[in-house]
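> Quick one: the structure is below, and I'll ask about it shortly.
No lab work stands behind these numbers, since they all come straight from the coordinates. These numbers come from a predicted model, not from an experiment. With ideal geometry, Cβ positions are generated from the backbone for all residues, glycine too; neighbour counts draw on all protein chains shown.
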Amino acid sequence: MDRMRAVAFGLIVHLLRFGLIWAGSSVAPIVGITGWWIGLFVNALCVLFAVILVTRLHLWRASGFLTAWRGWMALAALSLPVAEAAIRSTFGLEDRAPGVGWWALTLLLVGINEELISRVVVLHRMALSFPPVAAVALTAALFGAQHLSAFATTDRTASDILLNVVASACYGFALAAFQCRFSWIWPLMLVHAAADFTTILSRFHDPGDVLAIVTSVGFAVYGLILLRRARGTARAIPPRVPRTADSS
């Protein structure tokens, strides 16, 4: 029963986020926000939602958000996701309106809200009810499934959306495994934002989605390696910080 509640909790959190995106997109034009700026507005709302959740659950310290340095091993473990983001940047970036700075800002907001929601709030709840591999896998599955919202918010093809769901789940598995192992969320926010930035603005076009498939397999293997190393470590499942000890 507790495991069912954990999954239901994760599902509800993601549905609330989707509802916020839909509501924000609907309200934005009414208050004079149109075009590209709707995305920025909605991303800001999602960050606010994520901050409220993490604050309410007292997870800032447990998430590692307040930890400036976790060690060389944790930094080295970021090599694969950093490399994946960097590969696309080598092909150059497109100069899209309204400008690189605005794109960087809105995608940073995406990285912040998705990491706080998936790799902090949802992963923490799953970790209370499941062993590490299952907790990470369920968190990743929900993270991937949230991208099904593209059916309602974009005009992308079904095959493109479904591939993105699978790729996002594999990417989410890798990042959740890192968080499970090291509890160091703020670097994941930056890496996530950089990955989105280079994916959207890179001049590289993936023929036959080869890079997406290869990196997805790589991220799945990477996550399993991190989880294997996490067994028996105190940080594998970050405990909730009691209210009296939390400075947030």
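> Using alpha-carbon pairs under 8 Å, 6+ residues apart, how would you state the relative contact order of the chain in percent?
Relative contact order for the chain comes out at 29 percent.
> Using a Gaussian network for the chain with springs between C-alpha atoms less than 10 Å apart, which of these wobbles most: Ala212, Ala169, Ala23?
Ala23
> Would you work out if segment 39-94 is rounded, prolate or oblate? Take a ≥ b ≥ c from the square roots of the eigenvalues of the alpha-carbon gyration tensor; rounded if a/c is under 1.5, else prolate when a/b is larger than b/c, oblate otherwise.
Note, shape of segment 39-94 comes out oblate.
> For Ser202, list long-range residues whose amide hydrogen, built 1.01 Å from N in the peptide plane, is under 5 Å from its own amide hydrogen.
Glu94
> Ignoring everything except DSSP H segments at least 4 long, calculate the 222 nm mean residue ellipticity for the chain; use -39,500 (n - 2.57) per segment, divide by total residues, nearest 500.
Numbers: 11 runs with 166 residues, N = 248.
Roughly -22000 deg cm²/dmol at 222 nm, from the helical runs in the chain.
> On to the next question. I need the phi-derived Karplus couplings for segment 194-200: 6.51 cos²θ - 1.76 cosθ + 1.60, θ = phi - 60°, integer Hz, Gly and Pro marked x.
5, 5, 5, 4, 6, 5, 7
> Compute for the chain: radius of gyration divided by Kirkwood radius, i.e. Rg/Rh, restricted to C-alpha atoms, rounded to two decimals. List each step's numbers first, then the result.
Details: Rg = 17.6 Å, Rh = 18.5 Å.
Ratio of gyration radius to Kirkwood radius: 0.95.
> Further, regarding this structure: Within 10 Å of each residue's Cβ, count the other Cβ atoms and sort Leu175, Leu109 from fewest upward.
The most exposed by this proxy come first: Leu109, Leu175.
> Which of Thr153, Thr198, Thr106 moves the most in a Gaussian network model of the chain with Cα springs under 10 Å?
Per the Cα network of the chain with a 10 Å cutoff, Thr153 tops the list.
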